[in-house]
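Each remark here refers to the structure printed beneath this line.
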Amino acid sequence: MKKDMTTGIEWKQILLFTLPIMAGNLLQQLYNTVDGIIVGQFVSESAFSGVATCQPLTFFFLSFAMGLSVGVGIVVSQYFGAGKHDKLPVAIDTALLLLGTLGLALMVVSFLVAPLILRAVLNVPDGVIQYSITYFRIYALGLFFQFIYNSIAAMLRGLGDSKAILFFLVIATVLNTILDLTFVVVFHWDVAGAAIATVIAQVVCASVSYVYLRRKFPFVKSGEHWDGKISKTMTKLGLPIAIQQSVVSIGQGSMQRLVNTFSIEAPGIMAAYGAATRLNNFLYIPIMGFQSGLATFTGQNMGAGKLDRVRRGFHKTILMSLSITVAMCIFMYIFAGSVITLFGLSGNALTVGKEQIRFLAMFIWMFCCYMTLGGVLQGSGDTVLQSATTLSALVTQIVAAYTLVHFGVLGYNAAWVSTPIGWTVAITITYTRYFTGGWKKKAVAGKLSREATEIGDGGMM
């Protein structure tokens, strides 16, 4: 069901729309965590380290797909908010062709260069490198389906249909868990089994979501399926976010490399860092959910010219997001030692992992303040500023971490102690932008409607 968010009580609309997104994010995180838990419990700590060290790479492709899909979501949500429903079918087909082609290309390239990246860039130790190569190469085979699914998910969010996305993720998560247990525990396929389970689940999720989308917007052979101007606009809006998120993954890779250098003097550090990172990602769920909900709310209301609703929606959303995030951080701080044992960690790995979780739990409220406002910037189309902000914050974090290690101030813990320093920079930039009002001039619905009248310039595919 399409949801019009341009009228009604702002906080209630955002909350009700966001809850399925948060549930979906929870399922997606469980989907990503199950592999680690099963490999850690039923294979070995070294095998889990090999899977965990692939996280910057898997996050790179996921974030790039989601980032480009932001452009899709902005176009769809602002068309919908502006009442330009006749433009939606060609926009949807254009998005599928655009992201599907890119996903296919990246699938081939990433499979070929995986060993080089893992050895030369992430500096994965010899003891776990084969686990890493095996896992990532199989994972790469599902990239086409990952890009297709994220494109469809962005479209449905833009139309206000977040419940369908939740349904798709339930299917994928349950299937991934069953296949993980079957391939790893029963068939003893080790990390290869975990990767194969992930790919199969991605194929099923993308297929089911595509069938659902086509029921809403049937494929018409004689219709227009590609519009160059719409594609250009989607890319222009989504590419900065894709670059932003990719830069974040590069930052994660930099931190992973830093941690890997301590693998000899601090046994278990790779497993600890991987497990703690996965658990900390659960704390980001309400933050990212509210950001997505606020972005759709902002997009529709910007398209309708209702800036007052955008402001009120932001003020209510940040209060809701902070309340839930702080409560979760308190829980994670108290029970850090218990939850991290799910990955089969013990000894030094358990101690280090608990240290990382507890430190970040005290500062994630800063990330909440930054990312929630990012929903306003994203929904309004002010994506370049958001990307520049993320880049600035990340560079600050990386420089701080490596400087602290270089001068002997900190050791491996510089990988997470430096994080709040970067978030401080992000908060400064985004709130300056919000209060100076530059984001108000970024609405794209009017421009899109003028460009779309010339449909056909990009040809038919």
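The values are calculated or read from the model by the stated rules, or taken from the named source; none is laboratory data. Everything numeric in this text was worked out from a predicted model, so none of it was measured. Neighbour counts are summed over all protein chains in view; Cβ atoms, including those assigned to glycine, are modelled from backbone coordinates with ideal geometry. Side chains are part of the model used for accessible areas, which takes the heavy atoms of the whole protein and leaves out ligands, DNA and RNA. Shrake-Rupley method; radii C 1.70, N 1.55, O 1.52, S 1.80 Å.
Listed values, structure above:
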{"item": "From the options VAL376, VAL395, residue that is in a helix (DSSP H, G or I), of a type in the set (A, V, I, L, M, F, W, C), more than 22 Å from SER49 (Cα to Cα) and open to solvent by 10 Å² or more (accessible area, probe 1.4 Å)", "result": "VAL395"}
{"item": "Members of the stretch 318-370 found to be of a type in the set (Ser, Thr, Tyr) and touching a helix residue (DSSP H, G or I) at 6+ places or on another chain (Cβ under 6 Å), listed by number", "result": "SER321, THR325, TYR333, TYR370"}
{"item": "Restricting the stretch 185-199 to residues that are without any contact (Cβ under 8 Å) to a residue 60 or more places away in the chain and of a type in the set (Val, Ile, Thr), the residue that is farthest from TYR135 (Cα to Cα)", "result": "VAL186"}
{"item": "Check on ALA82, within 18 Å of the chain's Cα centre (by Cα) and of a type in the set (A, V, I, L, M)", "result": "no"}
{"item": "Residues that are of a type in the set (Ser, Thr, Tyr) and open to solvent by 50 Å² or more (accessible area, probe 1.4 Å), drawn from the stretch 303-347", "result": "SER323, TYR333, SER338, THR341, SER346"}
{"item": "Test: residue in the stretch 410-428 that is outside any helix (DSSP H, G or I), free of Cβ contacts under 8 Å to residues at least 40 places away in the same chain and not hydrophobic (A, V, I, L, M, F, W, C)", "result": "yes"}
{"item": "Hits in the stretch 59-69 (condition: open to solvent by 20 Å² or more (accessible area, probe 1.4 Å) and within 10 Å of GLY238 (Cβ to Cβ))", "result": "PHE64, MET66"}
{"item": "Neighbours by Cβ (under 9 Å, 6+ apart or cross-chain): first from the stretch 24-39, at pLDDT below 85; second open to solvent by 10 Å² or more (accessible area, probe 1.4 Å) and not in a helix (DSSP H, G or I)", "result": "ASN25/TYR284; GLN29/TYR284"}
{"item": "Residue that is buried (at least 20 other Cβ atoms within 10 Å of the Cβ), hydrophobic (A, V, I, L, M, F, W, C) and either closer than 29 Å to ASN260 by Cα or more than 24 Å from the chain's Cα centre (by Cα) (or both), where the choices are ALA91, ALA95, ALA120, ALA47", "result": "ALA47"}
{"item": "Candidates ILE364, ILE421 - the one that is crowded, with 19+ Cβ neighbours inside 10 Å, at pLDDT 90 or above and within 23 Å of the chain's Cα centre (by Cα)", "result": "ILE364"}
{"item": "Qualifying position, being open to solvent by 10 Å² or more (accessible area, probe 1.4 Å), modelled with pLDDT under 90, among the β-branched types (Val, Ile, Thr) and part of a helix (DSSP H, G or I), among THR177, THR182, THR233", "result": "THR233"}
{"item": "Failed criterion for TYR79 (all others in (1) at pLDDT 85 or above; (2) touching a Lys or Arg at 6+ places or on another chain (Cβ under 6 Å) hold)", "result": "(1)"}
{"item": "Which listed residue, of ILE92, ILE138, ILE152, is within 19 Å of PRO218 (Cα to Cα), among the β-branched types (Val, Ile, Thr) and at pLDDT 90 or above", "result": "ILE152"}
{"item": "Lone qualifier among ASP86, ASP35 - being out of contact with any helix residue (DSSP H, G or I) (no Cβ under 8 Å at 6 or more places or on another chain), part of a helix (DSSP H, G or I) and more than 14 Å from ASP161 (Cα to Cα)", "result": "ASP86"}
{"item": "Criterion: part of a helix (DSSP H, G or I), open to solvent by less than 10 Å² (accessible area, probe 1.4 Å) and under 18 Å from SER249 (Cβ atoms) - qualifying residue of GLN356, GLN386", "result": "GLN386"}
{"item": "Hits in the stretch 1-32 (condition: open to solvent by less than 10 Å² (accessible area, probe 1.4 Å) and either aliphatic (A, V, I, L, M) or not in a helix (DSSP H, G or I) (or both))", "result": "MET5, ILE14, ILE21"}
{"item": "Pair list, Cβ under 6 Å, 6 or more apart: the stretch 201-216 residue in a helix (DSSP H, G or I), other residue of a type in the set (S, T, N, Q)", "result": "ALA201/ASN176; GLN202/GLN146"}
{"item": "Residue tally, condition over 25 Å from PHE59 (Cβ atoms) and of a type in the set (Phe, Trp, Tyr), over the stretch 1-44", "result": "2"}
{"item": "Residue under evaluation TYR212, criteria (1) farther than 24 Å from TYR31 by Cα; (2) surrounded by fewer than 19 Cβ atoms within 10 Å (Cβ to Cβ), criterion not met", "result": "(1)"}
{"item": "Some residue of the stretch 138-153 being closer than 22 Å to PHE42 by Cβ and in a helix (DSSP H, G or I)", "result": "yes"}
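To keep it simple, each residue is scored yes or no on (1) under 21 Å from the mean Cα position of the chain (by Cα); (2) basic (Lys, Arg).
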residue: PRO125; (1), (2): no, no
residue: TYR135; (1), (2): yes, no
residue: ALA140; (1), (2): yes, no
residue: ILE148; (1), (2): yes, no
residue: SER209; (1), (2): yes, no
residue: LYS216; (1), (2): no, yes
